[in-house]
Amino acid sequence: MNNSQITSLKEFQTTGYFLQENFISQTECDSLLQLIADYRQTNSVPKIYRNVKPIPLSYFVIDGKRIQSQIPEVQKLYETVNQVINNFTNKQLFPLQDIQVGCNINITEKGGTYRWHYDRNAITALLYLNKVDGGEIQLYPNYRITLPEAKFSRFQSVIDRVQQLSFFRQIFGKQIMIKPQPGLLLVMAGDKCLHSVRPVTEEKERINIVMAYDLPNANFVVKNQLNTYLYSSEKFDSKDPNYS
Ligand SMILES: O=C(O)CCC(=O)C(=O)O
Ligand SMILES: [Fe+2]
């Protein structure tokens, strides 16, 4: 590693996130947007709406199974970014075993948002393909108080819920807000940084690629319910499965 790589690694380890502008060019963004538009010509994309407070989940998603079978260029990007992140973090991370969850395309229309949450996996890379008004991701870097060996326990979910309360965030958190822009890559410790997406305020859709990585054999207790909650239009009567 050269000196600047070491500096960025240190920065990432202390802050829990890293930003790289122009990770891909405008032309590359345009061709990815075209592939996504082509996919939508012949496939319907499920709309997810979950009325959680204070910020609902409201977006369209192309999940990892669809990407793997029908948009190979995005699958390729998922693998390329994996190499970049492994070099950068000095870790042996892998795409998630759960293909549906590993790589997604999120499409957020006017008024759409993404609720406060932590990701299930260790490292998440978000690649923004366009610029829109609103739609900023807001995040609290390395904010989570994590119980050792108990990421999915009941106590952990109590801590998570308390930390999410607005007064708690305001007193104990330091919020960062990032505007989407074409080619911008955000890498973060997704299971440590509390994050959400603010409403898109113009007609244009916000489009980004979400790429999740973890150590080999990481498993996620909340899997089945959470997948239905995040990837299907099915009605869902119980509570948010990240926090039930
Ligand atoms: O779209 C974003 O900026 C964040 C999306 C996100 O956090 C997720 O899909 O887990
Ligand atoms: Fe997330």
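Restricting to region 195-234, name every residue that is basic (K, R), surrounded by fewer than 19 Cβ atoms within 10 Å (Cβ to Cβ) and at pLDDT 70 or above. Outline the logic, then answer.
Going through region 195-234, the residues basic (K, R) turn out to be 198, 204, 206, 223.
Now narrow it down to the ones that are surrounded by fewer than 19 Cβ atoms within 10 Å (Cβ to Cβ): 198, 204, 223.
Residues satisfying the conditions are R198, K204.
All but one of (1) open to solvent by 70 Å² or more (accessible area, probe 1.4 Å); (2) within 16 Å of N208 (Cβ to Cβ); (3) more than 18 Å from the chain's Cα centre (by Cα) hold for Y39; which doesn't?
(1)
Under 7 Å between Cβ atoms, which residue pairs at least 6 apart in sequence (or on different chains) link something in region 25-36 that is buried (at least 17 other Cβ atoms within 10 Å of the Cβ) with a partner that is not in a helix (DSSP H, G or I)?
So the pair list comes out as C29/L129; C29/N130; C29/P182; C29/G183; L32/L129; I36/I105; I36/I207.
Of the conditions (1) open to solvent by less than 20 Å² (accessible area, probe 1.4 Å); (2) away from ligand 2 (no atom under 14 Å from the Cβ), Q138 clears all except one; give me its number.
Condition not satisfied by Q138: (2).
Considering only region 39-57, state which residues are part of a helix (DSSP H, G or I) and closer than 18 Å to C103 by Cα.
Y39, R40
Looking at region 175-186, which of its residues are buried (at least 17 other Cβ atoms within 10 Å of the Cβ) and either in a loop (DSSP other than H, G, I, E, B) or more than 17 Å from the chain's Cα centre (by Cα) (or both)?
P180, P182, G183, L184, listed by residue number.
Among the candidates I85, I123, I105, single out the residue that is away from ligand 2 (no atom under 15 Å from the Cβ) and of a type in the set (A, V, I, L, M).
When all the criteria are applied, what remains is I85.
So how many residues does region 116-135 have that are buried (at least 22 other Cβ atoms within 10 Å of the Cβ), farther than 18 Å from D214 by Cβ and among the charged types (D, E, K, R)?
0
Kindly check whether there is at least one residue in region 1-13 that is under 23 Å from K179 (Cα atoms), open to solvent by 80 Å² or more (accessible area, probe 1.4 Å) and not aliphatic (A, V, I, L, M).
Yes, there is a match, as at least one residue in region 1-13 is under 23 Å from K179 (Cα atoms), open to solvent by 80 Å² or more (accessible area, probe 1.4 Å) and not aliphatic (A, V, I, L, M).
If only one of K47, K53, K65, K110 is basic (K, R) and exposed (fewer than 13 other Cβ atoms within 10 Å of the Cβ), which one is it?
Going through K47, K53, K65, K110 in turn, just one is basic (K, R) and exposed (fewer than 13 other Cβ atoms within 10 Å of the Cβ): K53.
Out of the residues in region 69-85 meeting the condition of being of a type outside the set (D, E) and more than 15 Å from I36 (Cβ to Cβ), tell me which one is most open to solvent (accessible area, probe 1.4 Å).
Only one residue fits best here, namely Q83.
The values are calculated or read from the model by the stated rules, or taken from the named source; none is laboratory data. What you see is a predicted model, and the numbers here were worked out from it, not measured in a lab. Because the Cβ atoms are built from the backbone with ideal geometry, glycine has one as well, and the counts that use them run over all protein chains shown. Ligands, DNA and RNA are stripped out before the accessible areas are found, and what is left, the full protein with its side chains, is counted by its heavy atoms. Shrake-Rupley method; radii C 1.70, N 1.55, O 1.52, S 1.80 Å.
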